[in-house]
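Report on the following structure.
The values are calculated or read from the model by the stated rules, or taken from the named source; none is laboratory data. Just so we're clear, the structure is a prediction, and the values are computed from it rather than from any experiment. Heads up, the Cβs are rebuilt from the backbone with ideal geometry, glycines too, and the neighbour counts pull from every protein chain shown.
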Amino acid sequence: MIYLDNGATTRMAPEVLEAMLPYLGGEFGNPSAVYSLGARAKKAVNEARRSIAGLVGARQEEIFFTSGGTEADNWALKAAAEGFKARGRHIVTTKVEHHAVLRACGYLEQRGFEVTYVDVDGEGLVRLEALEAALRPDTILVSVMTANNETGVIQPIREIGALTRERGICFHTDGVQAFGHIPVNVDHLGVDMLSASAHKCGGPKGVGMLYVRRGVGLPSFLQGGGQEDHRRAGTENVPGIVGFGAAARRAADRMEEQAGKERQLRDYLIRRIQEEIPHCRLNGHRERRLPGNVNFTFQGLQGEPLLLALDMKDICVSAGAACHAGSLEPSHVLTAMGLSPQEASGALRFTLSGENTREELDQVVECLKESAARLRSMSPEYEAFCTVQSEK
Ligand SMILES: *Cc1c(COP(=O)(O)O)cnc(C)c1O
């Protein structure tokens, strides 16, 4: 199998599984229990918290574990809205956010909040002037993702942090795709809240975290026991959290090396596709993107049949985001960048890891060339595309 869908989820690293195993077995204590079995579980949870805090430059007590990135995003958006509504009911976000943010915003719009969705440019970067112009005296929250899950485009978070800081507006970033892959420091970026998820960086599924800067009066999301400093009730997912901590330590140790490998593989794949497959378009900024992200539109094709052709050769890629799979809706991220619905649905995303090899990418390119040519020979859309091109 050739796995090029690390943006959807990652293989758990062996040392992560190793770290988790005791907590799926004999070390089953409840971290809230006072006897040693419980105390050991609590210690393990806090050790993970320390590792994760260290990776983003936060204090340990600013990290709150959740069931994943989706919960962290929903918590940040909905609780900020609820907690700060006395100061205003206006939220600013972008058109290219993950659905966990966009649909939480939709939910809030139905409950009397007003949301401004800022545009991005043709390369997927948030227009800073548009974002600044959207800020109002009654704006209570800005949420802009650190890196996009479809195109890997890295947003100017530090610049946005300066704008929000100046105005005293709370700033949340969905850091799920960036965390563990590129340096993310909450003070350097000037963010007040940051979401992350373990399974996007070599950890297990079903666990994530929300960083909340000290002093931000974010209401709790789940009511119940006093876990997570009374902010997120529910018995902790101890094995998951321990795995998340191990993944964070592993990422911290190897980030530069991994990113370097990914960048080389990424640039190799981009170059080969551009040189060997006619009429394709790289989606997203060429440089300001995650080291492992490659996203191409193949003109006159649908992403889905191409994806299935690759799957026949045991190559895993995705058409748009994983959450879109099976839906025929063109990607909201690519259409926001100005692609036509036709171009957006002809996109494939390859998300690499440092463990991939050039030989694997060679096989992928061969399969792509063959499949794209075969599918295009039967595609009236491609014929129409070529006619338009030749008339230009
Ligand atoms: C995967 C992802 C999420 C959701 O995280 P889960 O842990 O799968 O719930 C949120 N935002 C972004 C940008 C993602 O890539």
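Would you check if ALA86 is loosely packed, with under 15 Cβ neighbours inside 10 Å and more than 14 Å from the ligand (Cβ to nearest atom)?
Working: loosely packed, with under 15 Cβ neighbours inside 10 Å: yes; more than 14 Å from the ligand (Cβ to nearest atom): yes.
When the stated conditions are applied, ALA86 passes them.
Given the residues LEU163, LEU108, which is the only one that is more than 16 Å from the ligand (Cβ to nearest atom), out of contact with any His (no Cβ under 6 Å at 6 or more places or on another chain) and more than 15 Å from ALA79 (Cα to Cα)?
Numbers: LEU108 fails: more than 15 Å from ALA79 (Cα to Cα).
Sole residue among the options that is more than 16 Å from the ligand (Cβ to nearest atom), out of contact with any His (no Cβ under 6 Å at 6 or more places or on another chain) and more than 15 Å from ALA79 (Cα to Cα): LEU163.
Confirm whether PHE244 is at pLDDT 95 or above, crowded, with 24+ Cβ neighbours inside 10 Å, in a helix (DSSP H, G or I) and within 11 Å of the ligand (Cβ to nearest atom). I'd like the intermediate steps shown before the answer.
Numbers: at pLDDT 95 or above: yes; crowded, with 24+ Cβ neighbours inside 10 Å: yes; in a helix (DSSP H, G or I): yes; within 11 Å of the ligand (Cβ to nearest atom): yes.
So PHE244 fits the description; yes.
For ALA48, state whether it is at pLDDT 95 or above, within 21 Å of GLU150 (Cα to Cα) and in contact with a helix residue (DSSP H, G or I) (Cβ under 7 Å, 6 or more places away or on another chain). It would help to see each step written out before you state the result.
Numbers: at pLDDT 95 or above: yes; within 21 Å of GLU150 (Cα to Cα): no; in contact with a helix residue (DSSP H, G or I) (Cβ under 7 Å, 6 or more places away or on another chain): yes.
Taking the combined requirement at face value, the residue does not satisfy it.
For the stretch 273-291, name all the residues that are assigned to a loop (DSSP other than H, G, I, E, B) and under 17 Å from GLU123 (Cα atoms). Working first, answer last.
Keep residues of the stretch 273-291 that are assigned to a loop (DSSP other than H, G, I, E, B), which gives 277-279, 283-288, 290-291.
Residues satisfying the conditions are ASN283, GLY284, HIS285, ARG286, GLU287, ARG288, LEU290, PRO291.
Under 7 Å by Cβ, and 6 or more places apart or on different chains, what pairs join a residue from the stretch 130-158 that is farther than 23 Å from PHE113 by Cβ and basic (Lys, Arg) with one that is in a loop (DSSP other than H, G, I, E, B) and more than 16 Å from the ligand (Cβ to nearest atom)?
The qualifying pairs are ARG158/GLY190.
Which residues, counting only those in the stretch 330-373, are in contact with a strand residue (DSSP E or B) (Cβ under 7 Å, 6 or more places away or on another chain) and of a type in the set (Asp, Glu)?
Passing the criteria: GLU343, GLU360.
What helices (runs of 4 or more DSSP H) completely inside the stretch 334-392 contain at least 3 residues that are among the aromatic types (Phe, Trp, Tyr)? Break it down into steps so the answer makes sense when it comes.
On the way: elements: 341-344, 358-377, 380-391.
Passing ranges: none, list empty.
Going by what's in this entry, would ARG289 be described as over 30 Å from GLY83 (Cβ atoms), charged (D, E, K, R) and within 16 Å of the ligand (Cβ to nearest atom)? Full working, then the answer.
Details: over 30 Å from GLY83 (Cβ atoms): yes; charged (D, E, K, R): yes; within 16 Å of the ligand (Cβ to nearest atom): yes.
For ARG289, the condition - over 30 Å from GLY83 (Cβ atoms), charged (D, E, K, R) and within 16 Å of the ligand (Cβ to nearest atom) - is met.
When the residues of the stretch 112-141 are filtered to those that are among the β-branched types (Val, Ile, Thr) and within 16 Å of the ligand (Cβ to nearest atom), which remaining residue is surrounded by the most Cβ atoms within 10 Å (Cβ to Cβ)?
Keep residues of the stretch 112-141 that are among the β-branched types (Val, Ile, Thr), which gives 115-116, 118, 120, 126, 139-140.
Adding the requirement that they be within 16 Å of the ligand (Cβ to nearest atom) leaves 120, 126.
Values: VAL120: 22, VAL126: 24.
Residue satisfying both the conditions and the ranking: VAL126.
Does any residue of the stretch 17-34 turn out to be within 16 Å of the ligand (Cβ to nearest atom), in contact with a Gly (Cβ under 7 Å, 6 or more places away or on another chain) and closer than 23 Å to ARG214 by Cβ? Spell out the reasoning first.
Pass one, the stretch 17-34, residues within 16 Å of the ligand (Cβ to nearest atom): none.
No; the residues of the stretch 17-34 include none that is within 16 Å of the ligand (Cβ to nearest atom), in contact with a Gly (Cβ under 7 Å, 6 or more places away or on another chain) and closer than 23 Å to ARG214 by Cβ.
Residue under question is ASN185, and the condition is that it be within 16 Å of the ligand (Cβ to nearest atom), within 22 Å of ALA251 (Cα to Cα) and not small (Gly, Ala, Ser); does it hold? Walk me through how you get there before you give the answer.
Working: within 16 Å of the ligand (Cβ to nearest atom): no; within 22 Å of ALA251 (Cα to Cα): yes; not small (Gly, Ala, Ser): yes.
No, not satisfied.
Could you tell me which numbered condition MET378 fails, if it satisfies all but one of (1) more than 12 Å from PHE298 (Cβ to Cβ); (2) modelled with pLDDT of 95 or more?
Condition (2) is where MET378 drops out.
Would you be able to say whether some residue in the stretch 219-238 is hydrophobic (A, V, I, L, M, F, W, C) and touching a Cys at 6+ places or on another chain (Cβ under 7 Å)? Before the answer, list the steps.
Here is the first cut: in the stretch 219-238, the residues hydrophobic (A, V, I, L, M, F, W, C) are 221-222, 233, 238.
Filter once more, so that each one left must be touching a Cys at 6+ places or on another chain (Cβ under 7 Å): none.
Within the stretch 219-238, not a single residue is hydrophobic (A, V, I, L, M, F, W, C) and touching a Cys at 6+ places or on another chain (Cβ under 7 Å).
If I ask for residues that are buried (at least 22 other Cβ atoms within 10 Å of the Cβ), farther than 17 Å from TYR382 by Cβ and either touching a Cys at 6+ places or on another chain (Cβ under 6 Å) or basic (Lys, Arg) (or both), which ones from the stretch 276-314 would you list?
The answer is ARG289, and nothing else.
Within the stretch 40-74, restricting attention to residues that are small (Gly, Ala, Ser) and assigned to a loop (DSSP other than H, G, I, E, B), which residue is nearest to the ligand (Cβ to nearest atom)? Outline the logic, then answer.
Here is the first cut: in the stretch 40-74, the residues small (Gly, Ala, Ser) are 41, 44, 48, 51, 53-54, 57-58, 67-69, 72.
Those left that are additionally assigned to a loop (DSSP other than H, G, I, E, B): 57-58, 67-68.
On the way: GLY57: 20, ALA58: 19, SER67: 8, GLY68: 3 Å.
Looking at residues that are small (Gly, Ala, Ser) and assigned to a loop (DSSP other than H, G, I, E, B), I get GLY68.
List the residue pairs whose Cβ atoms are under 7 Å apart, where the first residue sits in the stretch 191-204 and is touching a residue at least 40 places away in the same chain (Cβ under 8 Å) and on the phi > 0 side of the Ramachandran plot, the second is hydroxyl-bearing (Ser, Thr, Tyr) and more than 10 Å from the ligand (Cβ to nearest atom), and the two are 6 or more positions apart or on different chains.
From residues that are touching a residue at least 40 places away in the same chain (Cβ under 8 Å) and on the phi > 0 side of the Ramachandran plot, the pairs are GLY202/THR10.
Given the residues LEU21, LEU4, which is the only one that is within 18 Å of the chain's Cα centre (by Cα) and of a type in the set (A, V, I, L, M)? Even if it seems obvious, please write down each step before you answer.
Numbers: LEU21 fails: within 18 Å of the chain's Cα centre (by Cα).
Every option except LEU4 fails the conditions.
Which residue, of GLU228, GLU276, is acidic (Asp, Glu) and either under 18 Å from the mean Cα position of the chain (by Cα) or on the phi < 0 side of the Ramachandran plot (or both)? Working first, answer last.
On the way: GLU228 fails: either under 18 Å from the mean Cα position of the chain (by Cα) or on the phi < 0 side of the Ramachandran plot (or both).
Just one listed residue meets the conditions, GLU276.
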